[in-house]
Amino acid sequence: MTFKKTPFEYEEIQPMWGPFPERLMPVWNIYTRNFYISSYVCPECGRLMAKTVFPSDYSFQTTDGVKKVPRIFVCGNCQTFHIPSPGYKLSSNNGYYYKAKDYDEFEKLVKELDNVGSTTGRRNTLYNEG
Ligand SMILES: [Zn+2]
């Protein structure tokens, strides 16, 4: 799995009270313990992405070499993975993404990430984004 430079512009939405509008509802069919709803909408389908936070930076192979990042955003609808560039927010639009080849690969990767991720926000990163 090699992440590519993102061609996307990411949109962060403000936290809202009450139920999310239907059009934003995340698609998430895999049982996970450490993913939760992020404040970013998927640049492809417009639904909220799920995220997990790594207790220590996790390494991903990208077209620019290995990048160690504190968090990852995942769209269960498009089966895509999105990481910020180290030291940047996802909305800096200079991160990387990877699209799973099929559902089996998507599920396998999500479970791997769920095992190393957490729902605890980190305070020691430059941006503690949602
Ligand atoms: Zn999507």
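The values are calculated or read from the model by the stated rules, or taken from the named source; none is laboratory data. Nothing here was measured: the structure is a model prediction, and the numbers come from that model. As a convention, Cβ positions derive from the backbone with ideal geometry for all residues, glycine included, and neighbour counts pool all protein chains shown.
With the checklist (1) modelled with pLDDT of 95 or more; (2) surrounded by fewer than 18 Cβ atoms within 10 Å (Cβ to Cβ) in hand, flag the one item residue 78 doesn't pass.
Every condition holds for residue 78 apart from (2).
Collect the residues in the range 81-100 that are without any contact (Cβ under 8 Å) to a residue 60 or more places away in the chain and either surrounded by 21 or more Cβ atoms within 10 Å (Cβ to Cβ) or hydroxyl-bearing (Ser, Thr, Tyr) (or both), keeping them in residue-number order.
If the condition is that a residue be without any contact (Cβ under 8 Å) to a residue 60 or more places away in the chain and either surrounded by 21 or more Cβ atoms within 10 Å (Cβ to Cβ) or hydroxyl-bearing (Ser, Thr, Tyr) (or both), then 84, 85, 88, 92 are the ones that fit.
Could you check the range 52-75 and list, in sequence order, the residues that are polar (S, T, N, Q) and loosely packed, with under 13 Cβ neighbours inside 10 Å? Write out each step before concluding.
So the first thing to find is which residues in the range 52-75 are polar (S, T, N, Q), and the list is 52, 56, 59, 61-63.
Hits for the range 52-75 are 56, 59, 63.
Looking at the range 31-50 only, could you name the residues that are touching a residue at least 40 places away in the same chain (Cβ under 8 Å) and assigned to a strand (DSSP E or B)?
36, 38, 39, 40 - these are the residues of the range 31-50 that are touching a residue at least 40 places away in the same chain (Cβ under 8 Å) and assigned to a strand (DSSP E or B).
Do any residues in the range 6-30 that are under 25 Å from residue 86 (Cβ atoms) and of a type in the set (Phe, Trp, Tyr) have Cβ atoms under 6 Å from those of residues that are at pLDDT 85 or above and not in a loop (DSSP other than H, G, I, E, B), where the two are at least six apart or on different chains, and which pairs are they?
Short answer, once both residue conditions are applied: 10/40; 10/90; 10/91.
Would you tally the residues in the range 54-95 being out of contact with any His (no Cβ under 8 Å at 6 or more places or on another chain) and among the aliphatic types (A, V, I, L, M)?
Within the range 54-95, the first condition is being out of contact with any His (no Cβ under 8 Å at 6 or more places or on another chain), and the residues that meet it are 54-71, 76-89, 91-94.
After this cut, where a residue has to be among the aliphatic types (A, V, I, L, M) as well, the list is 66, 69, 83.
Qualifying residue count for the region: 3.
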